[in-house]
């Protein structure tokens, strides 16, 4: 049994109803165990924030060298991947969908996956604002 198969069994036994965000490689391991989750009939929602990048690594490289190298990735179509196991999946495309989809999925008490696309460039903007703030002090 894979570690994440065991984690899924434990989450279900504890009555967990959603899994909210996990760092890069950990979410990949969880996704590999979707088949187990479906087979066991677990009822929780997995929310994935997808920036198609190893965000923190890219951000650190950008801060230290002014650019990042080798951090952009092409994730599989997570919605289609989950659906291939018969799991309802969602990828909100509008603000309206974003404001309702995660809550509807969590409230369903069914195994669901919600992929939320994010723009990692806001990290750079935040870093610049923080640098200006602290430089002024």
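None of the figures in this text is laboratory data; all of them are computed from the coordinates on show. Treat the numbers as computed from the prediction; the structure is a model and nothing was measured. Please note: Cβ atoms are built from the backbone with ideal geometry, for glycine as well, and neighbour counts cover all protein chains shown.
The fewest-to-most ranking of 115, 35 by surrounding Cβ atoms within 10 Å reads 35, 115.
Using alpha carbon centroids, what distance separates the range 28-43 and the range 47-114, in Å? Value for the Cα centre distance between the two parts: 17 Å.
Panel order for 53, 119, by other beta carbons found within 10 Å of each beta carbon, from fewest to most: 119, 53. Computed from label points 7 Å out along Cα-Cβ, the spacing between residue 69 and residue 126 is 2.7 nm.
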